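All remarks here apply to the structure that follows.
Where a number appears in this text, it was derived from the coordinates with a stated rule and is not lab data. These figures come from a predicted structure and were not determined experimentally. No Cβ is skipped: glycine too gets one built from the backbone with ideal geometry, and neighbour counts run over all protein chains shown.
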Amino acid sequence: MISREKISFNTTNYEILLSQNFDELGEEIIKLKNFSKIFIISEKKVTDLYYIQVSEVLKKHKLTHELILMKGSEKNKHIKNVRPVYNSLIKNGADRKSILLALGGGVVGDFTGFIASTFLRGIRFIQVPTTLLAMVDSSVGGKVAVNVDFGKNMVGAFHQPSVVYAGIHSLKTLKPTEWRCGLAEVIKHSLLQGKDFFKKMQTFHLGSLENLDDLKFMILESVKFKKEIVSQDEKEIGLRGILNLGHTLGHAIESLTKYKKYSHGEAVAMGLVFAIELSIFKKGLNLEIYSDLIKLLNSFSIKPIDKKLKMNKLIEHMYHDKKTSDKKLKFILLDKLGEPSFGNEITEEEILKVYKIYSEKL
Ligand SMILES: NC(=O)c1ccc[n+]([C@@H]2O[C@H](COP(=O)([O-])OP(=O)(O)OC[C@H]3O[C@@H](n4cnc5c(N)ncnc54)[C@H](O)[C@@H]3O)[C@@H](O)[C@H]2O)c1
């Protein structure tokens with residue numbers, strides 16, 4: 001059974017579909033109508049696992065398609081790798097009615113979306129996310145981007161997909177670190193959404209991800225939450241910024257450790273813990289949420305802190321965060337569970353004080 005979530009913006013709307021496998025992908029593509037060829041953009045690891053399945057489903061519906069391979073991993077989501085794909089599209093007869101299909105994690109999704117947003121001034125694309133992070137986060141909301149030499153995601157657009165189709169079976173082959181990466185974003189959504197979702201998350205642990213219903217619930221709740229937020233603020237003018245909960249410290253950890261020691265999600269998880277500590281200190285947030293969060297991270301084998309990282313060094317990296325203005329450090333905090341607030345200025349002294357109090361307990 002497919003679960004369907006409709007997402008609406010001022011100028012467009014589309015469905016986010018969650019299915020057990022890829023079997024119904026062909027039917028969903030046919031509904032898009034009036035298209036020519038489909039170009040599947042993917043990377044080797046994912047095509048080795050899933051290309052035949054996807055290709056068979058498309059063949060069953062006589063959907064003409066072609067595979068264009070990109071190199072996987074963050075460093076290859078780079079502007080320099082865009083041109084060869086434009087060339088392949090042109091050589092293989094792509095036109096304004098062509099549809100790109102991103103088969104892979106967030107790297108493939110962001111990269112393909114960027115190409116779709118620019119090729120022939122914008123063509124349609126489909127997201128077929130195959131990582132948990134891509135299912136719950138990057139495939140929803142239309143942010144597409146590539147990296148340049150000076151930073152991540154610095155060139156991009158808001159370009160909504162025509163449909164998002166996730167086959168949960170593809171998660172079975174994910175490595176533990178990729179699970180943790182997606183779970184951190186799910187936990188972030190549950191803290192932002194509030195009581196029901198966060199409470200339900202307390203009943204889950206690594207083992208419960210084997211249970212399809214639990215896994216489906218978790219993905220759907222996350223998608224529903226992100227959908228609610230981004231549909232109210234497509235271009236991240238305001239509200240969408242709350243999705244950066246945990247990211248001020250998370251980005252600083254990634255940057256200090258040169259993007260090598262922790263995945264984005266693992267860094268965000270530590271950032272979430274710190275955002276909650278600051279929320280207790282500045283906003284009087286209930287302490288119980290903190291102990292529940294630590295328990296939840298433990299149950300998913302996600303680290304809440306790395307005491308080897310020096311907070312004064314991390315502070316230096318926080319000044320590069322996009323929320324920093326006039327040399328002031330700003331955090332998204334929770335006034336209450338499910339009630340985030342923006343633009344909370346926190347001094348370096350406060351950061352060091354809060355970090356000292358809590359790091360001794362963990
Ligand atoms: N657009 C957005 O709103 C948004 C939001 C969050 C993150 N992102 C972007 O998403 C990217 C991270 O996405 P990600 O975590 O999915 O990383 P990723 O795409 O690099 O995938 C992680 C790893 O999992 C492998 N993989 C993918 N699917 C698999 C499967 N089914 N089985 C086994 N292995 C599989 C990949 O080959 C890769 O090694 C970053 O570039 C980030 O900037 C974008």
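Structure summary
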{"read-out": "Separation of the residue 8 and residue 259 label points, Cα + 7 Å toward Cβ, nm", "value": "3.8"}
{"read-out": "Reciprocal mean inverse distance between Cα atoms of the range 123-216 - Kirkwood radius, Å", "value": "14.9"}
{"read-out": "Linear extension gain, residue 153 paired with residue 239, 0.36 nm per residue minus alpha-carbon span", "value": "29.0 nm"}
{"read-out": "C-alpha long axis of helix 106-118 to longest principal axis of the chain, angle in °", "value": "60"}
{"read-out": "Convex hull per residue volume in Å³, alpha carbons only, for the range 3-172", "value": "105"}
{"read-out": "Highest average packing first - 8-14, 202-208, Cβ atoms within 10 Å", "value": "202-208, 8-14"}
{"read-out": "Whole-angstrom gap from the range 287-362 to the range 16-45, using each part's C-alpha centre", "value": "40"}
{"read-out": "Rounded to 5, the percent of DSSP beta bridges in the chain classed as antiparallel", "value": "40"}
{"read-out": "Dimensions (Å) - the range 171-284, Cα atoms, principal axes, largest first", "value": "37, 34, 31"}
{"read-out": "Rounded tilt (10° steps) of 82-91 against the dominant C-alpha axis of the chain", "value": "10"}
{"read-out": "Relative packing of 18-27, 116-125, which averages over residues the other C-beta atoms within 10 Å, highest first", "value": "116-125, 18-27"}
{"read-out": "Sequence-separation-based contact order of the range 3-172, relative, with Cα cut under 8 Å and 6+ spacing, percent", "value": "26"}
{"read-out": "Beta bridges per DSSP with both ends in the range 3-172, % antiparallel, nearest 5", "value": "30"}
{"read-out": "Protection proxy ranking of 94-106, 181-193, 253-265 - average other beta-carbon atoms within 10 Å, highest first", "value": "181-193, 94-106, 253-265"}
{"read-out": "Stretchable slack from residue 307 to residue 34, in nm (0.36 nm times residue separation minus alpha-carbon distance)", "value": "92.7 nm"}
{"read-out": "Compactness of the chain as Cα Rg over 2.2 N^0.38 Å, two decimals", "value": "0.99"}
{"read-out": "The range 222-362, relative contact order in percent, only Cα pairs under 8 angstrom and at least six apart counted", "value": "25"}
{"read-out": "Rg in Å to one decimal, and Dmax rounded to a whole Å, for the range 176-359 via C-alpha atoms", "value": "15.5, 48"}
{"read-out": "Folded to 0 to 90 degrees: helix 264-283 orientation relative to the chain principal axis, Cα", "value": "40"}
{"read-out": "Potential lengthening between residue 295 and residue 195 on full extension [0.36 nm per residue; Cα-Cα distance subtracted]", "value": "34.4 nm"}
{"read-out": "Given 260/327; 235/361; 60/152; 227/356, the pairs whose alpha carbons are separated by over 32 Å", "value": "235/361; 60/152; 227/356"}
